[in-house]
Amino acid sequence: MIYADHNATSPLRPEARDSMLAVFDLGATNPSSVHAKGRTARGVVEAARVQVGGAIGSRAADIIFTGGGTEADALAVQGVVDALEGACTLIISSIEHEAIAKSASHSGAAVQTAYVTSAGLLDLDDLRARMADWDKDAWGTPVLCLMLANNETGIIQPVAEAAAIMREAGGLTICDAVQALGKIPVNVGMLGVDYLSLSAHKIGGPQGVGALWHRAGAPLKAILYGGGQERSLRSGTENVAGIAGFGAAVEAAVRDLPKYAALAKHRDAMETRLKADGGVVVIGEGSPRLAGTSNFARAGFRAETQVMALDLAGVCVSAGSACSSGKVKRSVVLMAMGASDALAESAIRTSFGWNSVPADFDGVADAWLEAARRTVLKENV
Ligand code: PLP
């Protein structure tokens, strides 16, 4: 079997597994308990906080552990809207993950869309023009939500430039870095954002664990109330084993950044074959992209047919962004880039990660070309 769906979830890294097993072996681990067991658990959580903070150039104190990337996004979006008492407008890029887009539409705040160009990159000129005309009295604080790397295309967004525009205008920037962490260097200071969300399972950590970084002093209100954990910004007993796994995974992922970057040459070779022999269009080919992501389309070869054919051949890939519900729908991300219906319906995402090997890329190309020959290319054989 070839696993080419790392952007959906990445297999657990051995380092993460070992650190989680060590926590399970500790027995009772509530970091809020004052006794010895509790203090040990507290030490595990704080060590992981240092690891996660260190991976993004932040102080450990500015990391809030959450129950995953979706919750980190929700905390950022709703937490800002609540802290600003609704006196804000959320400007959501048209390619955001639903965790951001749907949180925004449920937040009660006014929402605008920030458009991307046909290259899949945020239109900075449009953002600049919008901020030049911003009427803070009428529309409140502008809050941009811009992801660092797109989950479907892997296209890396000009976040630092956009955040500078927002800062100049007295606005704020929320950055969903769930797909970027451990794949490109992520540094909150260099990005200049105010909030940054992370998830463990995209980099070989466990599912159901994530974090929100926020700049000290940035407005933020809790969305969960209870025991006051995580400096009262995320109540609920911490997932100690999961947090330990996250810390170990992020450390390993940052160590392996050069290894991940080296995937690009195999990805490019795979795309060269698919273009030459299969007539595919590579989405975002000319834009900066994650080394391990390739989103490609072949008009007339429906995405779900491709996914099923590859599955039968033992190759795991995704269509569109609908990995969550199991259903396949036309890619909103590709539509936002102005792709035709025919292209948006026939795009699939292949994504490689920490345990991918060169043969995986050849295997995907072989299986895809074989499936295409039986269907869309059959007139040519
Ligand atoms: N943001 C992006 C860009 C993602 O790709 C995902 C996962 O698909 C999420 C947020 C949600 O993260 P989680 O699965 O940890 O809730």
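So which of ARG234, ARG298, ARG273, ARG215 ends up being surrounded by 19 or more Cβ atoms within 10 Å (Cβ to Cβ) and more than 24 Å from SER19 (Cβ to Cβ)? Step by step, each of ARG234, ARG298, ARG273, ARG215 is checked, and only ARG298 is surrounded by 19 or more Cβ atoms within 10 Å (Cβ to Cβ) and more than 24 Å from SER19 (Cβ to Cβ). On inspection, ALA276 fails the criterion of being more than 30 Å from GLU15 (Cβ to Cβ) and in contact with a Ser or Thr (Cβ under 8 Å, 6 or more places away or on another chain). Of all residues in region 348-381, those satisfying the criterion of being closer than 30 Å to VAL250 by Cβ, surrounded by 17 or more Cβ atoms within 10 Å (Cβ to Cβ) and touching a residue at least 60 places away in the same chain (Cβ under 8 Å) are ARG349, THR350, SER351, PHE352, GLY353, TRP354, SER356, ASP360, PHE361, GLY363, VAL364.
The residues in region 167-188 that are within 11 Å of the ligand (Cβ to nearest atom) and among the charged types (D, E, K, R) can be counted, and the count is 1. The test for being open to solvent by less than 10 Å² (accessible area, probe 1.4 Å) and touching a strand residue (DSSP E or B) at 6+ places or on another chain (Cβ under 8 Å) holds for GLU152. Does ARG255 satisfy the criteria of being open to solvent by 30 Å² or more (accessible area, probe 1.4 Å), away from the ligand (no atom under 16 Å from the Cβ) and touching a helix residue (DSSP H, G or I) at 6+ places or on another chain (Cβ under 6 Å)? No: the conditions fail for ARG255. Checking ARG39, ARG17 one by one, the residue that is of a type in the set (Lys, Arg) and either crowded, with 22+ Cβ neighbours inside 10 Å or farther than 30 Å from ARG349 by Cα (or both) is ARG39 and no other. Scanning region 212-246 for residues that are over 16 Å from GLY67 (Cβ atoms) and part of a helix (DSSP H, G or I) gives no hits. Please indicate, with yes or no, whether at least one residue in region 94-106 is crowded, with 24+ Cβ neighbours inside 10 Å, more than 23 Å from GLY205 (Cβ to Cβ), of a type in the set (Val, Ile, Thr) and in contact with a Pro (Cβ under 8 Å, 6 or more places away or on another chain). Within region 94-106 (the criterion being crowded, with 24+ Cβ neighbours inside 10 Å, more than 23 Å from GLY205 (Cβ to Cβ), of a type in the set (Val, Ile, Thr) and in contact with a Pro (Cβ under 8 Å, 6 or more places away or on another chain)), the answer is no, since none of the residues qualifies. In region 70-91, the residue that is farthest from the chain's Cα centre (by Cα) out of those that are within 16 Å of the ligand (Cβ to nearest atom) and open to solvent by 10 Å² or more (accessible area, probe 1.4 Å) is GLN78.
A search for C-beta distances below 8 Å between a residue of region 265-292 that is of a type in the set (Asp, Glu) and any residue that is outside any helix (DSSP H, G or I) and open to solvent by 70 Å² or more (accessible area, probe 1.4 Å), counting only pairs 6+ apart in sequence or on different chains, returns GLU271/GLU285.
For beta carbons closer than 6 Å, sequence separation of 6+ or different chains, a first residue in region 73-91 that is in the same structural domain as LEU212 (by TED's automatic domain parsing) and of a type in the set (D, E, K, R) and a second that is assigned to a strand (DSSP E or B) and modelled with pLDDT of 95 or more, the qualifying pairs are ASP73/ASP176; ASP73/SER197. Among the residues making up region 293-336, a single one is aliphatic (A, V, I, L, M), assigned to a loop (DSSP other than H, G, I, E, B), away from the ligand (no atom under 16 Å from the Cβ) and modelled with pLDDT of 95 or more: ALA313.
Screening ALA164 against (1) among the small types (Gly, Ala, Ser); (2) open to solvent by less than 10 Å² (accessible area, probe 1.4 Å); (3) out of contact with any strand residue (DSSP E or B) (no Cβ under 7 Å at 6 or more places or on another chain) leaves a single unmet condition, (2).
Which of the residues that make up region 105-161 are in a helix (DSSP H, G or I) and within 16 Å of the ligand (Cβ to nearest atom)?
Once the filter is applied, which keeps residues that are in a helix (DSSP H, G or I) and within 16 Å of the ligand (Cβ to nearest atom), region 105-161 yields SER105, VAL159.
For region 189-207, the candidate set comprises residues that are open to solvent by 10 Å² or more (accessible area, probe 1.4 Å) and away from the ligand (no atom under 13 Å from the Cβ); within that set, the residue that is nearest to THR70 (Cα to Cα) is ASP194.
The values are calculated or read from the model by the stated rules, or taken from the named source; none is laboratory data. Everything quoted here is computed from the prediction, not taken from an experiment. Cβ atoms come from the backbone with ideal geometry, glycine included; neighbour counts cover every protein chain shown. For the accessible areas, the whole protein counts, side chains as well, though only heavy atoms, and no ligand, DNA or RNA atoms are used. Shrake-Rupley method; radii C 1.70, N 1.55, O 1.52, S 1.80 Å.
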